[in-house]
Amino acid sequence: MTEQVIEGVWWIPGRDRFLPDSHVYVIGKPESGDFSLVDSGLMEMGSYKLEELTKAGFRLNQIKRIIMTHTHIDHIGCLKELLPAIPDAEVWVHGEEALFIERGDDKIVMGNKIFESMIRSQYELENGLFTVKVHRKLEGGETLTLGGMKFRVIHIPGHTSGSIGLFNDEHRLLISGDTIYADGAIGRFDLFSADPAQLKNSLNTIADLGIDILLPGHNRIVKGGADPMIRNTVRQWLPLLGG
Ligand SMILES: [Zn+2]
Ligand SMILES: [Zn+2]
């Protein structure tokens, strides 16, 4: 079921199987007729997301772009299931990871060799599934106007090299991908392109944002008052990240 978080931001919860399926967020003022998706989800999890979008009243031809917080398989796995149904959607990814998926290099998508062999044993992955044309390479620091709402792109490497957060100053709302979750958890920092030292900096950046609403890639969302929890999470993890 699709849930409105605030006016202009909706949450379609992921449906985890033996692998996690990322949440999808929808951004855009209802009257704008211009909507963005953030992330897509795991393989085979595209059709229910399309159903959810339609049930919630979105017209698929009003979805103009899909912005990836990063390109792990649980976020990008069903991108190619969504794109044929959303013909006008561009794909926006941070430049660091765009370079990989544009040339079909799935090292970041897979994370590591153990995941890769597990995934390949469970799914028939057609060739080129993770070769994706990127229409806009994000850098971090730019402000995007998405369906009448402003979001700052924050480059928060560490979980992956091109992880981004999308921050709305007005509502102090952060879409955090897998860099930080609710309830004291952070994303893994051992997979390909991860970097604990960078993650440390990124967590400090996040703690300084003064976040009220936290919308992570998995598990529970926090609809208000997230700041103390986030500061606590960062304080607890910093010593474990070395440096
Ligand atoms: Zn991830
Ligand atoms: Zn994830």
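Values in this text are rule-based calculations from the coordinates and carry no lab data. Values in this document were obtained by computation on a predicted structure and should not be read as measured data. Cβ atoms come from the backbone with ideal geometry, glycine included; neighbour counts cover every protein chain shown.
Pairing each residue of the stretch 66-78 that is touching a residue at least 12 places away in the same chain (Cβ under 8 Å) with any residue that is within 10 Å of ligand 2 (Cβ to nearest atom) and in a strand (DSSP E or B), provided the two are 6+ apart or on different chains, yields C-beta distances under 6 Å for Thr69/Gly177; His70/Gly177. Does Phe18 qualify as being farther than 19 Å from Asn219 by Cβ, among the aromatic types (Phe, Trp, Tyr) and in contact (Cβ under 8 Å) with a residue 12 or more places away in the chain? No; evaluated as a whole, the condition is false for this residue. Of the set (1) more than 15 Å from the chain's Cα centre (by Cα); (2) closer than 23 Å to Arg235 by Cα; (3) surrounded by 15 or more Cβ atoms within 10 Å (Cβ to Cβ), all apply to Ala197 but (3).
Among the residues examined, Leu174 does not qualify as over 22 Å from Trp237 (Cα atoms), of a type in the set (A, V, I, L, M, F, W, C) and either in contact with a strand residue (DSSP E or B) (Cβ under 7 Å, 6 or more places away or on another chain) or more than 14 Å from ligand 2 (Cβ to nearest atom) (or both). Might you check whether a residue that is in contact with a Pro (Cβ under 9 Å, 6 or more places away or on another chain), of a type outside the set (A, V, I, L, M, F, W, C) and away from ligand 2 (no atom under 16 Å from the Cβ) occurs anywhere in the stretch 109-119? The answer is no; no qualifying residue exists.
Within the stretch 79-100, the residues that satisfy the criterion of being more than 26 Å from Glu51 (Cβ to Cβ), out of contact with any helix residue (DSSP H, G or I) (no Cβ under 7 Å at 6 or more places or on another chain) and buried (at least 20 other Cβ atoms within 10 Å of the Cβ) are His94, Glu96, Ala98. Across the stretch 18-45, the qualifying residues are those that are acidic (Asp, Glu) and away from ligand 1 (no atom under 14 Å from the Cβ), and the one among them that is surrounded by the most Cβ atoms within 10 Å (Cβ to Cβ) is Asp34.
Has the stretch 68-79 got at least one residue that is more than 12 Å from the chain's Cα centre (by Cα), within 28 Å of Ser121 (Cβ to Cβ) and charged (D, E, K, R)? So far as the stretch 68-79 goes, no, none of its residues is more than 12 Å from the chain's Cα centre (by Cα), within 28 Å of Ser121 (Cβ to Cβ) and charged (D, E, K, R). Where strands (runs of 3 or more DSSP E) fall entirely within the stretch 107-178, those with at least 3 residues that are surrounded by fewer than 21 Cβ atoms within 10 Å (Cβ to Cβ) are at 143-146, 149-155. Taken as a whole, the stretch 6-14 holds at least one residue that is out of contact with any Phe, Trp or Tyr (no Cβ under 7 Å at 6 or more places or on another chain), away from ligand 1 (no atom under 16 Å from the Cβ) and under 16 Å from Cys78 (Cα atoms).
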